[in-house]
1. For the chain, what is the accessible area per residue in Å², given a 1.4 Å probe and the full set of protein chains?
2. Using the basic label-point model (7 angstrom from Cα toward the beta carbon), what is the Asp27 to Arg40 distance in nanometres?
3. If I compute solvent accessible area with a 1.4 Å probe over the protein chains, what percent of it on the stretch 1-48 is carbon and sulfur?
4. Can you give me the P(r) profile for the stretch 23-74? Cα pairs, bins 5 angstrom wide beginning at 0, each as a whole percent.
5. Between helix 50-60 and the chain, what is the angle of the helix's C-alpha long axis to the longest principal axis, kept within 0 to 90° and rounded to the nearest 10?
Amino acid sequence: IVVERLTKNVNENHLREIFGQYGEIEDLDLPLNRTSGTNRGTAYILYIREHDAEAAIAHMHEAQLDGVVINVSI
């Protein structure tokens with residue numbers, strides 16, 4: 001899944017804790033901005049099971065994370 005509109009405060013541990021509630025995460029990529037060292041605002045999460053990804057999208061799309069409404073999609 002793709003998680004967009006993340007604030008600069010969000011890190012990989014936050015995402016694993018929040019999105020791990022919906023199932024086992026196989027891989028999580030949170031690209032960083034080379035100059036500032038903060039995230040670029042987008043994360044990519046790969047679940048082991050497809051229905052876990054669907055549950056994460058259903059529960060987290062347009063949810064608030066760190067005070068901002070995030071976008072979660074395939």
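The values are calculated or read from the model by the stated rules, or taken from the named source; none is laboratory data. These figures come from a predicted structure and were not determined experimentally. Neighbour counts are summed over all protein chains in view; Cβ atoms, including those assigned to glycine, are modelled from backbone coordinates with ideal geometry. Just the protein is used for accessible areas: all its heavy atoms, side chains included, with ligands, DNA and RNA removed. Shrake-Rupley method; radii C 1.70, N 1.55, O 1.52, S 1.80 Å.
1. 62 Å²
2. Modelled inter-label distance: 1.5 nm.
3. Carbon and sulfur: 42 percent of the exposed surface of the stretch 1-48.
4. Result returned by the calculation: 4, 19, 23, 24, 18, 8, 3, 0.
5. So the helix axis and the longest Cα principal axis differ by about 60 degrees.
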